[in-house]
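The values are calculated or read from the model by the stated rules, or taken from the named source; none is laboratory data. Keep in mind that what you see is a predicted model, and the values were worked out from it rather than measured. Here the Cβ is made from the backbone with ideal geometry for all residues, glycine too, and neighbour counts use every protein chain on show.
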Amino acid sequence: MSIFKKLLTAVRGGATEAGEAIIDSQAIRILEQELRDSKKALNDAKTGLTSIMAEKMGVDRKVKELTAKITEHEGYAIAAMNKGDDALALDVAEKIAEFEHDLTIQQGIRDGYETKVVSLKKMIRQTERNIQAMDREVSVVKTTAKVQKANELASSKFSGSNSSLRSATNSLERIKARQQQKEDQATAAMDLEGEQGGDDLQARLKSAGIVDSGSSGSSILDRLKKQKANK
């Protein structure tokens, strides 16, 4: 029974490793998709924040309207009392009480919106920073992966692990060898042509001082002197 449990544990461990290998091989793709999902959620949050801010603006208007009505009816109540019409003044006061009750409710709603707007703005700013940081990390990881891939392809020439690249490298070496052979043949042909034309012999005689290597100022002047003496 103990051996069976160990085998089961080993199988589970192997499955975990295989799953992690699959996840690792797709890590960048998974991370990019999660970033896209995060950006979409962030845009949805901004849309929701816009709606809440619009609702708050409506509540702000109601608070302002109720405050104005309370001020207005307080003036009516004072005017009624000045005329001695206490009954009318009481009716106005009761209306003011209704306005103040509604104002208290609307102020509570407004305060709730204000707290929520501040909180959402803070969360959105933090999420934006997190997404930007993750975008940079993904960019670095992708670039590193490309560099490592290029390095693997280049180094495989020396490791011999890539048969296609090794074959191409061998072909390149053969081409270079054939080109060098053609250059050697051309050089040899030029040397042979020079020897057959006497160029090589003439060069050797000039080098030994047996044959004049060419005219000079002194030799021309000596020749002119001899010509003048013979006249």
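Of all the residues in segment 63-114, those that are surrounded by 13 or more Cβ atoms within 10 Å (Cβ to Cβ) and outside any helix (DSSP H, G or I) number 1. Out of curiosity, is LEU42 in the same structural domain as ILE124 (by TED's automatic domain parsing) and modelled with pLDDT under 95? Yes; evaluated as a whole, the condition is true for this residue.
Quick grid of which residues meet (1) touching a helix residue (DSSP H, G or I) at 6+ places or on another chain (Cβ under 7 Å); (2) farther than 30 Å from ALA27 by Cβ:
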| position | (1), (2) |
| --- | --- |
| ALA77 | yes, yes |
| ASN82 | no, yes |
| ASP85 | no, yes |
| ALA97 | no, yes |
| ARG110 | yes, yes |
| VAL118 | no, yes |
| ILE124 | yes, no |
| VAL147 | no, no |
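Please work out if LEU7 is at pLDDT 95 or above and assigned to a helix (DSSP H, G or I). I'd like the intermediate steps shown before the answer.
Values: at pLDDT 95 or above: no; assigned to a helix (DSSP H, G or I): yes.
Against the criterion (at pLDDT 95 or above and assigned to a helix (DSSP H, G or I)), LEU7 does not qualify.
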